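Read-outs: derived from the displayed coordinates by stated rules, not from any lab. Since we're looking at a predicted model, the values are computed, not measured. Heads up, the Cβs are rebuilt from the backbone with ideal geometry, glycines too, and the neighbour counts pull from every protein chain shown.
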Amino acid sequence: MAKDISAELMGKLVKRMNGEQYVLLSTVDEQTGTPVVNAVSWVYAPDGKHIHIAVGHRSRMIANIKAKPEVSVTMIGPDSTYSITGKAQVTHEPLEGVNIKLAGIELEVEAVQDVMFFGGKIVEEPRYIKTYDKETADKLDRQVTEALKKM
């Protein structure tokens, strides 16, 4: 059972969002009305009430958010699984200062819930690697992070 824990991100979640963090962004498909889940890693939380997210400029998430701004971000770890809900808006098309075409999304946090099942604790968080050139990936990550900070 979900447990409300805050109306904003706690410090440990803000800190995690400001590193390279794997999260799931859930939107509602504008055409079918069904839930859609996408993995994203370009996230930045300037404070406990906002999350900035960068996505590809052709992503269906953009149209979905424009049609229905209520979204959920799922974050696995630290120690638990968190559902962060609120209203999102596409604020930057394109996201400036980045060498590829991205859009910037801002989520205004309304609630943070601990959604881990009873008696469970996350002991190892999801890890991933980038499968393209490391130098190119690092350069792009720096550009996107700086752009998200300026939103």
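What to note about this one:
- Cα shape, segment 91-151, gyration tensor, a/c 1.5 rule: oblate
- Electrostatic tally near I129: other residues with Cβ closer than 15 Å to its Cβ, Lys and Arg +1, Asp and Glu -1, net -3.
- Least to most buried among I53, I65, I129 (fewest other Cβ within 10 Å first): I129, I65, I53
- Taken along its principal axes, the alpha carbon cloud of the chain reaches lengths of 45, 36, 27 Å, longest axis first.
- Springs between Cα atoms under 10 Å define the GNM used for the chain, and in it the highest mean-square fluctuation of K130, K66, K101 occurs at K130.
- Neighbour counting of Cβ atoms within 10 Å sorts the residues M151, M17, M10, fewest neighbours leading, into M10, M151, M17.
- Between R142 and T85, the modelled labels are 4.0 nm apart [label points 7 Å from Cα along Cα→Cβ].
- Counting 0.36 nm for each residue step from F117 to M10 and taking away their Cα separation leaves a gain of 36.5 nm.
- Here the ratio of the Cα radius of gyration of segment 56-109 to 2.2 N^0.38 Å is 1.28.
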